[in-house]
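See below for the structure under consideration.
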Amino acid sequence: TLDFWRLLYALLKQIYGGKWTESDAIDTQIRFVKSALWYHGYGRPELYQLPSDGSAGSRELLLAFSWLLHRISLLERLLARNRVKTGDETSVCVCEDDLSHSEKDTTETAPEYGLEDRVDVRYLQWLNGRLRFQWRSLHAQHQEQCKLLHKIHLFTSGSHMDHILGHFSVTEMDLLRQPENYKQLLQHLELETMQLEAFLEWKQLEAVYWQWMETVLDNMAEEGNMCKSWDTHIEKSRLPKATLCCPWADSLTGQINRLSRDLMTLRDQLHELVTHRKSAWCEKVKTRAEELQKEDFSAMVRKIQEAVELKLLDLSNLCAPKKNKMHGSCRLVFRSKHSASKIGFSRSVSKEPVPAVSATEVIRELQMREASLHRELKQLQEECRQRLDEIAEGLDGVICISP
């Protein structure tokens, strides 16, 4: 179990890019793994109830590890994280957040170290201002990096053996300036090759692993049913045992039986009442429909049908396969204005036709996403304003003026 905790800790730390050592305390590692799983939406409460000393829970950790493999593509993300960088990459993402649909039904199970005390609003405002300042600093540094990268691509244009690429990367320029670093680069390439070979071996055996996980889930389901039946058996057998040692148990049992019969009778009466009310309501609706049919019943039905069609269209769009949005790391490739292919991004460099996306297309997608987020923000602000107005109406002697 301890080895499994350390494994998950090392893998998740690599994904988040944090520094870690094997000498970290085991309770610190367990807290980090629980928080990372909770952040990604893992909703099995048994995991968060495991002890902080790592003395139990090997099967729960196995389930969590398998869930990470399937949900966040753990191995693929590790490969992308540990690949040898050329220095010309940039992250492009125009995907819409699916949190409202994918993580809406996840259990709200917070780890034991979550925030329990109320936080001062002024502290949150200070954090927001600090985040804005760091974001602007990061944006300025990114712009400076793009300027320097443009200089490298422009000055080395036409010098590369690959005519599709046409210019040197940052790593190649570093090797030209410091040739002694080629040994370190060669070690990184060998390590990446070993990881890719291990990943190919895993893909060949992946089907066997998931078949084994199906048997693990079946065994857990059977054990869960056995535990439920055992608890039910204990509850049923607990009352007769009490009658043997408690003189008042017989009268208590009789009262419980009478209460049960009264509840059954009340349930039957309620069922009859609901049936009667339902039939009366149907008659009233039928009468009302006949009255409206003479007036504008067809127009109302048409509006209702349009509303239903819109909802069905939203549902079909939600269930339909998503269009492949631009997401992930792309390599920046310099293209002159007179180039036949006016392409700004390239995912690979080869003699084959290069799957690429232009910078103008990315800008257009991001602008559309920005407009969508602005509309969503306006809607949320309006809902908050209405909610504040409702709260203000219930306050006596207080006058609230909207900004």
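General observations
- Residue within the stretch 64-76 that is among the hydrophobic types (A, V, I, L, M, F, W, C) and more than 15 Å from Phe4 (Cβ to Cβ) present: yes
- Count of the stretch 11-36 residues, restricted to those that are under 16 Å from Leu78 (Cβ atoms) and surrounded by 14 or more Cβ atoms within 10 Å (Cβ to Cβ), is 8.
- Which numbered condition His142 fails, given (1) open to solvent by less than 90 Å² (accessible area, probe 1.4 Å); (2) modelled with pLDDT under 85: (2)
- Residue match in the stretch 392-399 (condition: farther than 30 Å from Cys95 by Cα and part of a helix (DSSP H, G or I)): yes
- Pairing residues of the stretch 79-106 that are more than 17 Å from Val333 (Cα to Cα) with residues that are modelled with pLDDT under 75 and assigned to a strand (DSSP E or B), at Cβ distances under 7 Å and at least 6 apart in sequence or on separate chains, gives Cys93/His327; Cys95/His327.
- Neighbours by Cβ (under 8 Å, 6+ apart or cross-chain): first from the stretch 266-294, open to solvent by less than 100 Å² (accessible area, probe 1.4 Å); second at pLDDT below 90: Ala289/Phe297; Leu292/Met300
Quick grid of which residues meet (1) modelled with pLDDT under 90; (2) touching a His at 6+ places or on another chain (Cβ under 6 Å); (3) open to solvent by 70 Å² or more (accessible area, probe 1.4 Å):
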residue: Leu124; (1), (2), (3): yes, no, yes
residue: Ser169; (1), (2), (3): yes, no, no
residue: Gln184; (1), (2), (3): yes, no, yes
residue: Glu201; (1), (2), (3): no, no, yes
residue: Trp210; (1), (2), (3): no, no, yes
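- Residue in the stretch 15-32 that is assigned to a loop (DSSP other than H, G, I, E, B), closer than 25 Å to Ser329 by Cβ and at pLDDT 85 or above present: no
- Of all residues in the stretch 157-192, those being part of a helix (DSSP H, G or I) and of a type in the set (Val, Ile, Thr) number 2.
The values are calculated or read from the model by the stated rules, or taken from the named source; none is laboratory data. Nothing here was measured: the structure is a model prediction, and the numbers come from that model. Don't worry about glycine lacking a Cβ; one is built from the backbone with ideal geometry, like all the others, and counts go over all protein chains shown. Accessible surface is based on the protein model in full, side chains and every heavy atom, while ligands, DNA and RNA are left aside. Shrake-Rupley method; radii C 1.70, N 1.55, O 1.52, S 1.80 Å.
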